[in-house]
Amino acid sequence: MYDFTIIGGGIVGLSVGKALTEKYPDSKILILEKEKNLSVHQTGHNSGVIHSGVYYKPGSLKARFAKKGNESMVEFCQKHEINHEICGKVIVATNEREKPLLENLYQRGQHNGLSLKKIDQEELLEIEPYVNGVEAIYVPEAGIVDYKLVSSKFAEIINEHGGEINLSEQVQLINEFSEEVTIETDKHTYKTKFLINCAGLQSDRIARLSGYYTDMKIVPFRGEYYKLKEDKKGIVNNLIYPVPNPEFPFLGAHFTRMINGDVEAGPNAVLSFKREGYKKTDINFKDLTEVLSYRGFWNLASKYMKEGLGEMTRSLSKKKFVESLQYLLPSIEEDDLETGPTGVRAQALDSEGSLVDDFHIIQGKNSLHVCNAPSPAATASLEIGKEVVSKITNRSAYAVR
């Protein structure tokens, strides 16, 4: 019998495991991951930005966790000598029409407790000489790191405290009883006092296996990137972001210097035909049927038809993708870019077609289900871990004694 079993070996599941070892050092902890390695999906395809929390609604979990998570992530990296850099970023208004939107973002960032600086065109060009902008916000707290390395350190800490991490085990059946939870995988059957679902792209399905049905479904969106070729990396110093389009629920194409020195450009945002599909040709008919038969998806599609068609066009046409990048860096040309990585975002969507914008945790009888953990989940992972453990602790009937 395990005290705690976590489903999902990404950065969120591992952060919960780490937090449990600290709160309950004598407990018996198990992590189940269906892949052969940890952090294969969202964590492993993360662009590596340590976010500041400038975009998020004041008072939301996203805003609170991002700010605290930025601080705790930097502290963790310093303590464990994980290569990282607080390089700062600029959010750029490319024309006069975007200035009021930039001002709104500046006010939001201030409400969230950030030390932002409004800069004019001259100051902007001192930071990013090749950018097209009339005004910008400088965000000094933003940084970069390799989250797979962070996750590996979480796993190492869990192992050092006697926790078990079992790979290549897919959960198939869950039965939640009054005193325990039984978990059947394709290899073994486990009994645990408490179950924590951190399954990311599969989180709604794991919640459903446990008997919890919610008015939301995970809809996978693939983000496709290009990389600047070696001789062009110098035109981006750090992180360059556009002012977000308030009519579209994604940040828009931006430039990210990675901790390994690469510079990514993108992403777009298109429906993935497979929950873990990183190529255009990846199709899972079960996943696709679930999306296409979901009323919420069609409500979303009708709401953002124009923007969605633009994203699909950029997915199919490098020329159109480059044109979207030229709003920020006019000197970029097609030959400056090579195909980069892709990622799939697990976005929770309700039946009305609204994106579930904040972190969403469902409490069961002997379980907790992290059913929506979008960006900035990697930045906020240490804080999410603490939050999940606090919810268990507050339910004293299920806490380890």
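The values are calculated or read from the model by the stated rules, or taken from the named source; none is laboratory data. In this text the structure is predicted, and so the values were computed from the model without any measurement. Neighbour counts run over all protein chains shown; Cβ positions are idealised from the backbone, glycine included.
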I need the strands (runs of 3 or more DSSP E) fully contained in the range 189-303, keeping only those with at least 2 residues that are closer than 30 Å to ASP335 by Cα. 216-228, 239-242, 254-257, 263-266
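Restricting attention to the range 206-215, does a residue exist that is on the phi > 0 side of the Ramachandran plot, more than 23 Å from the chain's Cα centre (by Cα) and surrounded by fewer than 21 Cβ atoms within 10 Å (Cβ to Cβ)? Break it down stepwise before answering.
Looking only at the range 206-215, we keep the residues that are on the phi > 0 side of the Ramachandran plot, and these are 211.
Now drop any that are not more than 23 Å from the chain's Cα centre (by Cα), which leaves 211.
If we keep only those that are surrounded by fewer than 21 Cβ atoms within 10 Å (Cβ to Cβ) too, we end up with 211.
For the range 206-215, residues on the phi > 0 side of the Ramachandran plot, more than 23 Å from the chain's Cα centre (by Cα) and surrounded by fewer than 21 Cβ atoms within 10 Å (Cβ to Cβ): present.
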Test of understanding: among LEU124, LEU101, LEU116, which residue is touching a residue at least 40 places away in the same chain (Cβ under 8 Å), crowded, with 18+ Cβ neighbours inside 10 Å and within 21 Å of LEU251 (Cα to Cα)? LEU116
What pairs come up if the first residue lies in the range 17-38 and is touching a residue at least 40 places away in the same chain (Cβ under 8 Å) and within 13 Å of GLU164 (Cα to Cα), the second is among the charged types (D, E, K, R) and surrounded by fewer than 16 Cβ atoms within 10 Å (Cβ to Cβ), and their beta carbons are under 6 Å apart, counting only those six or more places apart or on different chains? LEU30/GLU164
Which residue out of GLU164, GLU156, GLU169 is buried (at least 17 other Cβ atoms within 10 Å of the Cβ) and within 30 Å of VAL344 (Cα to Cα)? GLU169
Over the range 235-269, the set of residues in contact with a helix residue (DSSP H, G or I) (Cβ under 6 Å, 6 or more places away or on another chain) and surrounded by fewer than 19 Cβ atoms within 10 Å (Cβ to Cβ) is PHE248
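Quick one: how many residues across the range 200-259 are over 29 Å from GLY364 (Cβ atoms) and not β-branched (Val, Ile, Thr)? If you could, list the steps in order and put the result at the bottom.
In the first step, residues of the range 200-259 are kept if they are over 29 Å from GLY364 (Cβ atoms); the result is 222-248, 250-259.
Right, trim to not β-branched (Val, Ile, Thr) and you get 222-234, 237-239, 241-242, 244-248, 250-255, 257-258.
Summing the residues that are over 29 Å from GLY364 (Cβ atoms) and not β-branched (Val, Ile, Thr) in the range 200-259 gives 31.
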Please name all residue pairs, on different chains or six or more residues apart, with Cβ atoms under 8 Å, provided the first residue is in the range 307-331 and is farther than 23 Å from LEU239 by Cα and the second residue is part of a loop (DSSP other than H, G, I, E, B). GLU307/ASN245; GLU307/GLU247; GLU307/PHE248
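Within the range 90-103, is even one residue closer than 20 Å to VAL150 by Cβ, under 20 Å from the mean Cα position of the chain (by Cα) and modelled with pLDDT of 95 or more? Don't jump to the end; show me each part of the working.
Taking the range 90-103 and keeping what is closer than 20 Å to VAL150 by Cβ, we get none.
Checking the range 90-103: not a single residue is closer than 20 Å to VAL150 by Cβ, under 20 Å from the mean Cα position of the chain (by Cα) and modelled with pLDDT of 95 or more.
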From the list GLU141, GLU71, exactly one residue is free of Cβ contacts under 8 Å to residues at least 24 places away in the same chain and within 30 Å of LEU201 (Cα to Cα). Which is it? GLU71
Of the conditions (1) out of contact with any Lys or Arg (no Cβ under 7 Å at 6 or more places or on another chain); (2) at pLDDT 95 or above; (3) among the polar types (S, T, N, Q), ASN245 clears all except one; give me its number. (2)
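Of everything in the range 315-349, what is part of a helix (DSSP H, G or I) and under 30 Å from GLN202 (Cβ atoms)? Give them in sequence order. Please lay out each step first, then the result.
First, the residues of the range 315-349 that are part of a helix (DSSP H, G or I): 315-316, 318-325, 334-336.
Those that are part of a helix (DSSP H, G or I) and under 30 Å from GLN202 (Cβ atoms): SER315, LEU316, PHE321.
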Here are some residues: ILE91, ILE82. Which one is outside the structural domain of LYS386 (by TED's automatic domain parsing), surrounded by fewer than 20 Cβ atoms within 10 Å (Cβ to Cβ) and not in a helix (DSSP H, G or I)? ILE82
Limited to the range 1-20, what total is found for residues that are crowded, with 22+ Cβ neighbours inside 10 Å and either more than 21 Å from the chain's Cα centre (by Cα) or assigned to a loop (DSSP other than H, G, I, E, B) (or both)? 6
Which condition from (1) assigned to a helix (DSSP H, G or I); (2) at pLDDT 95 or above is the one that ALA63 breaks? (2)
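Of the residues that make up the range 218-228, is at least one of a type in the set (D, E, K, R) and surrounded by fewer than 19 Cβ atoms within 10 Å (Cβ to Cβ)?
Let us first name the residues in the range 218-228 that are of a type in the set (D, E, K, R), namely 222, 224, 227.
Now narrow it down to the ones that are surrounded by fewer than 19 Cβ atoms within 10 Å (Cβ to Cβ): none.
No: the range 218-228 contains no residue that is of a type in the set (D, E, K, R) and surrounded by fewer than 19 Cβ atoms within 10 Å (Cβ to Cβ).
To keep it simple, each residue is scored yes or no on (1) among the small types (Gly, Ala, Ser); (2) closer than 28 Å to PHE76 by Cα; (3) in contact with a Ser or Thr (Cβ under 6 Å, 6 or more places away or on another chain).
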| position | (1), (2), (3) |
| --- | --- |
| GLU323 | no, no, no |
| ASP336 | no, no, no |
| GLY353 | yes, no, no |
| HIS360 | no, yes, no |
| ASN372 | no, yes, no |
| ALA380 | yes, yes, no |
| VAL389 | no, yes, no |
Give me the pairs, please: first residue somewhere in the range 356-375 and assigned to a loop (DSSP other than H, G, I, E, B), second residue anywhere and basic (Lys, Arg), beta-carbon distance under 6 Å, and either six or more positions apart or on two chains. ASP358/LYS62
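Let's see how each residue does on (1) in contact with a Pro (Cβ under 6 Å, 6 or more places away or on another chain); (2) buried (at least 23 other Cβ atoms within 10 Å of the Cβ); (3) aromatic (Phe, Trp, Tyr); (4) within 20 Å of VAL145 (Cβ to Cβ):
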position: SER39; (1), (2), (3), (4): no, yes, no, yes
position: ASN46; (1), (2), (3), (4): no, yes, no, yes
position: VAL49; (1), (2), (3), (4): no, yes, no, yes
position: TYR55; (1), (2), (3), (4): no, no, yes, yes
position: PRO58; (1), (2), (3), (4): no, no, no, no
position: LYS68; (1), (2), (3), (4): no, no, no, yes
